[in-house]
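Chemist: Starting off with a structure, shown below.
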Amino acid sequence: MSVDNDSDLDRELARVGADECCWPIFRDKHRSLAIRVADLSAAGANILKQTALACGADCAVHRDAVSGRKKRSDAILFLDRRRLGFFCGRLRTQPPCVSRLVPGLEELGRNLAPDLAITVGGRRLDLGSRTHVMGILNVTPDSFYDGGRHFDPGPAVARAEEMAGEGADFIDIGAESTRPGSDRVPPNKQLARLLPVLRGIGRRVKVPVSVDTTSARVARAALDAGAALVNDVSGLAGDPKMARLLAKTGVPCVVMHLPAPPKTMQRRVRYRDLMQEVVDRLAGAIARAEAAGVERGQLVVDPGIGFGKRLEHNLELLRRLGELRTLGRPVLVGPSRKAFIGQVLGLEPPDRLEGTLAACVVAARNGANILRVHDVEAAVRALRVADAIERRA
Ligand code: HH2
């Protein structure tokens, strides 16, 4: 028998009667890593491989790196997490062409065992404990699915109350559609839409509210009116004042991968290496935030499903979501009723519920901590069952 699921390992360790103080060691040994290292010299690739082999690990390099016919090579290191520290110790004693990799590998090791708690409204919320749900509330006339439905404050507040009753962990309010081809909505217009709803919600809904905006002015006013988080689809690149606002207020923020403004993002979609580019851009957003004084622990990352991506990119991102773990932050994903589901099923947004739920369950299995959805009740039910199976929770 081979134990596959992480959550079953502890039970099997207990069954064996293994000492509990050793369980973290066995958990690390259970998880093997395949770490990609870019652009080594041929000598570096060979030293890396030899060091890996000496540590009981392995390393794939270009077939001609050994002979030196290939001057540079990428590499993939195969080792279990337990061995990472030992391997770094060995690598540190090697020439700079490979010892320079140690800080990055050590950071990776730290990020793979992150604290996934954020502080919302003074309360610590462990996003790693189960899969969380963020309900979408668009106070817009033109959002691709719910545009016009909650444009007036009355229906918007009623929908927020309904989503809270359905089990939403967060409610995300946006006043600017970011669908492909959409135009910007000026801050004063966003605020005219948002503020009456936020004031109405404040009195009735206990669930933390996030504001979906790239404008620091809108975010500041929304926070003053009761919002507790910011959801910035530009990954803090849209408004230079946003990072400073986050540093000053200390509120959590979702930073999303957005390769181009919504107006033009679907025009020329091309990636040389999708996962690397998304990870690098999100790492850049985290670095930008930290440079402005934002606590890393208050950031949530999002690969931006449907934002400057084609069908194959969206499917790859959902399949390889676990790779975002290298950033060491909780992951939010927003697949709800989006075009990629329509492309798979040949259905319009009103008929994409089942596709959305499938995407949510796969995303949760692959490491998503928060799912941003229109259909809170259905998603909560689906994810509760998925968590019960997957995490025995
Ligand atoms: N998707 C949309 C809007 N905001 N924020 C995050 N963090 N992640 C997402 O995937 C995301 C987002 C687009 O969906 P929706 O709000 O339903 O549509 P519209 O932009 O047309 O209002």
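Chemist: Check every one of the strands (runs of 3 or more DSSP E) wholly within the range 154-269 and list those with 3 or more residues that are among the aliphatic types (A, V, I, L, M), in the same structural domain as Ala289 (by TED's automatic domain parsing) and within 26 Å of Gly284 (Cα to Cα). Outline the logic, then answer.
Modeler: Values: elements: 170-174, 209-212, 229-232, 253-256.
Fully inside the range 154-269 and qualifying: 253-256.
Chemist: Is there any pair with a first residue in the range 278-302 that is closer than 11 Å to Cys253 by Cβ and a second that is in a helix (DSSP H, G or I) and polar (S, T, N, Q) whose Cβ atoms are under 9 Å apart and which are 6 or more apart or on different chains, and what are they?
Modeler: Ala289/Gln298
Chemist: I would also like to ask the following. Mind listing just one residue for me: the one in the range 108-140 that is hydrophobic (A, V, I, L, M, F, W, C) and not in a strand (DSSP E or B) and, of those, surrounded by the most Cβ atoms within 10 Å (Cβ to Cβ)? Spell out how you get there, then give the answer.
Modeler: Restricting attention to the range 108-140, the residues satisfying the condition of being hydrophobic (A, V, I, L, M, F, W, C) are 108, 112-113, 116-118, 120, 125, 127, 133-134, 136-137, 139.
So of that shortlist, the ones also not in a strand (DSSP E or B) come out as 108, 112-113, 116, 127, 139.
Numbers: Leu108: 19, Leu112: 15, Ala113: 13, Leu116: 16, Leu127: 22, Val139: 29.
My answer is Val139.
Chemist: Name every residue in the range 199-221 that is within 16 Å of the ligand (Cβ to nearest atom) and in contact with a strand residue (DSSP E or B) (Cβ under 8 Å, 6 or more places away or on another chain), in order of residue number. Before the answer, list the steps.
Modeler: We begin by selecting, within the range 199-221, every residue within 16 Å of the ligand (Cβ to nearest atom); these are 208-215, 218-219.
Pro208, Val209, Ser210, Val211, Asp212, Thr213, Thr214, Val218, Ala219, listed by residue number.
Chemist: If you scan the range 356-393, which residues turn out to be touching an Asp or Glu at 6+ places or on another chain (Cβ under 7 Å), of a type in the set (Lys, Arg) and outside any helix (DSSP H, G or I)?
Modeler: Arg372 - this is the single residue of the range 356-393 that is touching an Asp or Glu at 6+ places or on another chain (Cβ under 7 Å), of a type in the set (Lys, Arg) and outside any helix (DSSP H, G or I).
Chemist: Filtering the range 165-184 down to residues that are buried (at least 20 other Cβ atoms within 10 Å of the Cβ) and more than 13 Å from the ligand (Cβ to nearest atom), which residue is nearest to the chain's Cα centre (by Cα)?
Modeler: Filtering the range 165-184 for residues that are buried (at least 20 other Cβ atoms within 10 Å of the Cβ) and more than 13 Å from the ligand (Cβ to nearest atom), the one nearest to the chain's Cα centre (by Cα) comes out as Asp169.
Rundown of residues vs (1) at pLDDT below 95; (2) more than 16 Å from the ligand (Cβ to nearest atom); (3) out of contact with any helix residue (DSSP H, G or I) (no Cβ under 8 Å at 6 or more places or on another chain), yes/no style:
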{"residue": "Val294", "(1), (2), (3)": "no, yes, no"}
{"residue": "Thr356", "(1), (2), (3)": "no, no, no"}
{"residue": "Ala364", "(1), (2), (3)": "no, no, no"}
{"residue": "Val380", "(1), (2), (3)": "no, yes, yes"}
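Chemist: Further question: Would you mind finding the one in Pro208, Pro180 that is over 21 Å from Phe307 (Cα atoms) and touching a residue at least 60 places away in the same chain (Cβ under 8 Å)? I'd like the intermediate steps shown before the answer.
Modeler: Working: Pro180 fails: over 21 Å from Phe307 (Cα atoms).
After applying the criteria, what remains is Pro208.
Chemist: Quick one: is Leu317 within 12 Å of the ligand (Cβ to nearest atom), at pLDDT 95 or above and more than 18 Å from Ser177 (Cα to Cα)? Break it down stepwise before answering.
Modeler: Values: within 12 Å of the ligand (Cβ to nearest atom): yes; at pLDDT 95 or above: yes; more than 18 Å from Ser177 (Cα to Cα): yes.
The answer is yes for Leu317.
Chemist: May I pose another question? Name the residue that is surrounded by the fewest Cβ atoms within 10 Å (Cβ to Cβ), counting only residues in the range 302-322 that are small (Gly, Ala, Ser) and under 17 Å from Asp212 (Cβ atoms).
Modeler: Let us first name the residues in the range 302-322 that are small (Gly, Ala, Ser), namely 304, 306, 308, 322.
Restricting the remaining residues to those that are under 17 Å from Asp212 (Cβ atoms) gives 304, 306.
On the way: Gly304: 27, Gly306: 25.
The extreme case among them is Gly306.
Chemist: Consider the range 109-144. How many of its residues are acidic (Asp, Glu) and within 13 Å of the ligand (Cβ to nearest atom)?
Modeler: As a first pass, look at the range 109-144 and keep what is acidic (Asp, Glu): 115, 126, 142.
Checking the rest, the ones that are also within 13 Å of the ligand (Cβ to nearest atom) come to 142.
Total satisfying the criteria: 1.
Chemist: Name the residues in the range 141-153 that are surrounded by 15 or more Cβ atoms within 10 Å (Cβ to Cβ) and not in a helix (DSSP H, G or I), would you? Full working, then the answer.
Modeler: First, pick out the residues of the range 141-153 that are surrounded by 15 or more Cβ atoms within 10 Å (Cβ to Cβ): 143-147, 149-151, 153.
Within the range 141-153, Ser143, Phe144, Tyr145, Asp146, Gly147, Arg149, His150, Phe151 meet the criteria.
Chemist: Consider Ile341 against the criteria (1) under 20 Å from Met134 (Cα atoms); (2) within 18 Å of the chain's Cα centre (by Cα): it satisfies all of them except one. Which criterion is unmet?
Modeler: (2)
Chemist: Something else: Could you tell me which of the residues Arg325, Arg329 is assigned to a helix (DSSP H, G or I) and either surrounded by 21 or more Cβ atoms within 10 Å (Cβ to Cβ) or more than 10 Å from the ligand (Cβ to nearest atom) (or both)? Before the answer, list the steps.
Modeler: Values: Arg329 fails: assigned to a helix (DSSP H, G or I).
Just one listed residue meets the conditions, Arg325.
Chemist: Kindly indicate the residue of the range 32-57 that is surrounded by 13 or more Cβ atoms within 10 Å (Cβ to Cβ) and among the charged types (D, E, K, R) and also farthest from Val279 (Cα to Cα) among those meeting that condition.
Modeler: Per the criteria, the residue is Lys49.
Chemist: Continuing with the same structure: Conditions: (1) modelled with pLDDT under 95; (2) more than 30 Å from the chain's Cα centre (by Cα); (3) not hydrophobic (A, V, I, L, M, F, W, C). Ser41 meets all but one. Number of the miss?
Modeler: Every listed condition holds for Ser41 apart from (1).
Chemist: Any residue in the range 344-358 that's buried (at least 18 other Cβ atoms within 10 Å of the Cβ): show its pairings with residues that are of a type in the set (Lys, Arg) at Cβ separation under 6 Å, as long as the two are six or more apart or on different chains.
Modeler: Pro349/Arg337; Arg352/Arg337; Thr356/Arg337
Chemist: Say we look at the range 236-255 and pick out the residues that are within 12 Å of the ligand (Cβ to nearest atom) and free of Cβ contacts under 8 Å to residues at least 60 places away in the same chain; which of these is farthest from Leu311 (Cα to Cα)?
Modeler: Top of the filtered list is Cys253.
The values are calculated or read from the model by the stated rules, or taken from the named source; none is laboratory data. All figures in this text were calculated on a predicted structure; none of them were measured in a lab. For neighbour counting, all protein chains shown are included, and Cβ atoms are generated from backbone atoms with ideal geometry for every residue, glycine included.
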